[in-house]
Amino acid sequence: MTDLSINSNDTLTNGLRNLTMTSLGHFVNDGTVFFFPLLVDILVRVNSLSPVFVTLLLGIFYSAASLFSVMVGRISEVWDHKGFLIGTGLTLMALGILGFYRVITGSLGSALPYIAGLSALSAGIGSSFYHPLGGAILQGTFSPRSRGKALGINGSMGSVGRAVYPSLLYGFAALLTLDFSFVVFAIIAVISAFFIAIFLRGSGPANGPAVGHPKQNKHMKGGRGILTYSIIMLSVVTFIRSTASQGIASWIPSYLSNVKDLGISSILGYSITLMFVAAIVGQPIFGYFADRMDKRILLAVSSFGTAAATLAYVNSTGIESLVFLVIFGFFTFSGFPLLFSLISEYVPRGDSSMANSVVWGLGNQGGMALGPIIVGLIVVNDYSRLPFTFVIMVAITVAAGLLVFALPRPAGKTKMSMFG
């Protein structure tokens, strides 16, 4: 996986810099995004709030991430300073974490739901920045024959963030306090934002439009020419897939805490870590094969794998259930290299930020917004309904896996159609 060829308009130094800085951004972004449900669970249990409030906060967070993501793509195409924009997103996420810190440390009375809601909104908007922008930087930096590997390596760093953040939360809590550990994560996000804004400041040419026909590049700007059948269909598949998988993943902390009776403990944090840890290896594996075989098949396999692992998980106990939780994470969090590799083939020229925003923002993050809400509406105030609800999400996941084959076949490395 060391053969990472760079586009002709870039240099190896710039390529490694872009991969390193975007990987840092992915680490912090996904670490924060995917332990956000855990923060919500802590917030709710400390303040004795209902599952309805969990649903509300998750809905605000994921809806803000989805709706603002398309705006991020448009802003990037008008004002091409992706490093600064990624840093802005991480800073907004830090503000959201600090808001949660304020909620669990002070007596806010009737202001509590408003502060919590604004914090979820800030974190959700902040989380919308990284994926379309980081993906565009890598798509513009690496050639088609190594793009999947680069995206896989980058995605693996996001998986590292997902895996270690829950355990770090309890590690910091043991050294400091549970509430002050929130502040530590906010500081990490702000420091990372500063370095990314500085070191990606001069990377514009590598991330901007590739050399091609001026009319084509102009046509791509502002999203015109983006909404082809390929991109729309990929967004639909991604939306359905994400609705199901995130509906399950976002409620697993509550499932472990309430159904499995783990409460707020280090075991809960370590269990969430296990769910994410397999994707550290899984994303590079999926990225490696994305350079070599039909990406639609890989996307279908990942969906069917998620479905099978979920069924096995809810019907098992003890160490066996933890094994299936790891398998669930391996298949579920494989989307980054697969989706962005597909986008690169369906829209191979020009700045891909807008296409990334449509597929990842409306598709993936839109599903992330809807999935937790659907689960919450079924659960209402009874956590014992979670296993049944997970089975419903399995059926939706299978449907997404079958719908993958409605996508056009990628044209391949030697003959890529501009508009899919």
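Taken together, the values in this text are just the output of simple stated rules run on the coordinates, not laboratory data. These numbers were taken from a predicted model, which means no experiment stands behind them. Neighbour counts are summed over all protein chains in view; Cβ atoms, including those assigned to glycine, are modelled from backbone coordinates with ideal geometry.
Where does each of S110, S122 land when they are ranked from fewest to most other beta-carbon atoms within 10 angstrom?
Details: S110 6, S122 23.
Final ranking by Cβ density, sparse to dense: S110, S122.
Residue exposure proxy: L342, L386, ordered by other Cβ atoms within 10 angstrom of their Cβ from fewest to most, comes out as L386, L342.
Computed from Cα atoms, the angle from the helix 178-199 axis to the main principal axis of the chain rounds to 10 degrees. Taking Cα atoms only, the orientation of helix 266-290 departs from the longest principal axis of the chain by about 10 degrees. Near F142, the amide H atoms lying under 5 Å from its own belong to N7; only residues 5 or more places off or on other chains count, and H is placed 1.01 Å from N.
Please state the charge dipole magnitude for the chain, taken about the Cα centre, from unit charges on C-beta atoms (+1 on K and R, -1 on D and E), reported in debye and rounded to the nearest 20. Walk me through the intermediate numbers first.
Values: 24 positive and 14 negative charges, 227 e Å.
About 1080 debye.
Take every pair of alpha-carbon atoms less than 8 Å apart whose residues are at least six positions apart; their mean separation over the length of the chain yields a relative contact order of 28 percent.
For the chain, what does -39500 (n - 2.57) per DSSP helix run (n ≥ 4), summed and divided by total residues, give at 222 nm, in deg cm²/dmol to the nearest 500? Please report the intermediate quantities before stating the final value.
On the way: 18 runs with 305 residues, N = 420.
Calculated from helices alone, the mean residue ellipticity at 222 nm is -24500 deg cm²/dmol.
Taking the fewest neighbouring Cβ atoms within 10 Å as the starting point, the ordered list for Y288, Y130 is Y288, Y130. Between the residues T91, T141, V54, the greatest Cα displacement towards the positive end of the dipole of the range 12-406, with unit charges on the Cβ of Lys, Arg, Asp and Glu, is found for T141.
Remark: the chain projects, on average over all directions, an area of 18.0 nm² (convex hull of Cα atoms). The packing ranking of peptides 61-68, 181-188, 323-330, highest mean first, is 61-68, 323-330, 181-188, where packing means the average number of other beta carbon atoms within 10 angstrom of each residue.
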